[in-house]
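Visitor: Mind looking over this structure? Questions follow.
A short reminder: the numbers here are calculations on the coordinates, not readings from a lab. Computed from a prediction, not measured in an experiment: that's the story for all the values here. Backbone-built Cβ (ideal geometry, glycine too); neighbour counts: all protein chains shown.
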Amino acid sequence: NAGVTQTPKFRVLKTGQSMTLLCAQDMNHEYMYWYRQDPGMGLRLIHYSVGEGTTAKGEVPDGYNVSRLKKQNFLLGLESAAPSQTSVYFCASSPVQETQYFGPGTRLLVL
Amino acid sequence: SQKIEQNSEALNIQEGKTATLTCNYTNYSPAYLQWYRQDPGRGPVFLLLIRENEKEKRKERLKVTFDTTLKQSLFHITASQPADSATYLCALTSGTYKYIFGTGTRLKVLA
């Protein structure tokens, strides 16, 4: 099993550009999450999903959208990137409301 | 507001000693508390989970305590090794799908 994978690993965007981050898990987990990690801030929840076709806002959802059309995939979209969205983005999945399995992260730099 | 505090200063200890990391929280009634390990450039990896009605949990050289009166969890690594050097994160959930993470404590085990 690959576990949780994230695409791409690194990306540079210009302000105003859009992009989609892809998260895929092969563990048949119901719950999936998107976090961002910034120095001194810890992991902050952006959006999460409790099942296929469902999404909900987390702590810092502004400027992001998500979709969960298939159980194994959770997409994070930035419609108009801003320098404040420069961060490391982590996707996670979990079978129940306990252990989370994290992906390797995507480093995003917005100029 | 809900807050989790972990010692932001790095903890340096000698190989073979016991490392003790602290996680304090305020304005929160967690159902579960988890500890994760994060290596540079990688995603967090789950280590241990302890429930609100449990005082202590062990796994090999790891031990977690949970004091809901003090609103504190202690994470111990006994017989520490240089390979234990990493950042350790604590995370809380009240039983919903949302987790709150601390900023982490960096541990360095000196040979």
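Visitor: Considering all alpha-carbon pairs of the stretch A:14-111, what whole percent are spaced by more than 20 angstrom?
Guide: Counting pairs separated by more than 20 Å, the tail of P(r) holds 31 percent.
Visitor: Taking chain A as a Gaussian network, Cα atoms linked when under 10 Å apart, which of A:SER67, A:SER87, A:SER18 shows the biggest mean-square fluctuation?
Guide: A:SER18
Visitor: Below 8 Å between Cα atoms, with a sequence gap of 6+, how large is the relative contact order for chain B in percent?
Guide: For chain B, the relative contact order is 36 percent.
Visitor: Something else: Taking only C-alpha pairs under 8 Å that are 6+ residues apart, what is the relative contact order of chain A in percent?
Guide: 36
Visitor: Mind sorting B:PHE75, A:PHE74, B:PHE101, A:PHE10 by how few other Cβ atoms lie within 10 Å of their own Cβ, fewest first?
Guide: A:PHE10, B:PHE101, B:PHE75, A:PHE74
Visitor: Another question, then. Mind checking which aspartates and glutamates have their Cα closer than 14 Å to the Cα of A:LYS71? Skip sequence neighbours fewer than 8 apart in that chain.
Guide: Answer for A:LYS71, where 14 Å is the Cα cut-off: A:ASP26, A:GLU30, A:GLU52, listed by chain and number.
Visitor: Sort all Cα-Cα distances of the protein assembly as shown into consecutive 5 angstrom bins from zero, then give the percent of pairs in each bin up to the one containing the longest distance.
Guide: Taking all Cα pairs of the protein assembly as shown, the binned fractions are 1, 7, 15, 18, 18, 16, 12, 7, 3, 1, 0 percent.
Visitor: Next question. Amide H to amide H under 5 Å from A:TYR31: which residues, 5+ apart in sequence or cross-chain, H placed 1.01 Å off N in plane?
Guide: For A:TYR31, whose amide H was placed from the backbone, the distant partners under 5 Å are A:SER94.
Visitor: Another question, then. Can you tell me the FRET efficiency between B:GLU56 and A:ARG44 if r is taken as the Cβ-Cβ distance and R0 is 45 Å, rounded to the nearest 0.05?
Guide: Efficiency, rounded to the nearest 0.05: 0.95.
Visitor: Under a straight-distance cross-link criterion of Cα-Cα below 30 Å, which lysines are reachable from A:LYS14, leaving out those fewer than 8 residues away in the same chain?
Guide: Partners found: A:LYS57, A:LYS70.
Visitor: Please count, across chain B, the pairs of lysine residues with Cα atoms under 15 Å apart that sit 8 or more places apart or on different chains.
Guide: Taking chain B as the scope, the lysine pair count is 6.
Visitor: What is the stretch A:15-73's relative contact order, in percent, from Cα pairs under 8 angstrom and six or more apart in sequence?
Guide: 31
Visitor: Mean-square fluctuation check for chain A, GNM, Cα pairs under 10 Å: which of A:GLN37, A:GLN85, A:GLN17 is largest?
Guide: Sorting by GNM fluctuation, first place goes to A:GLN17.
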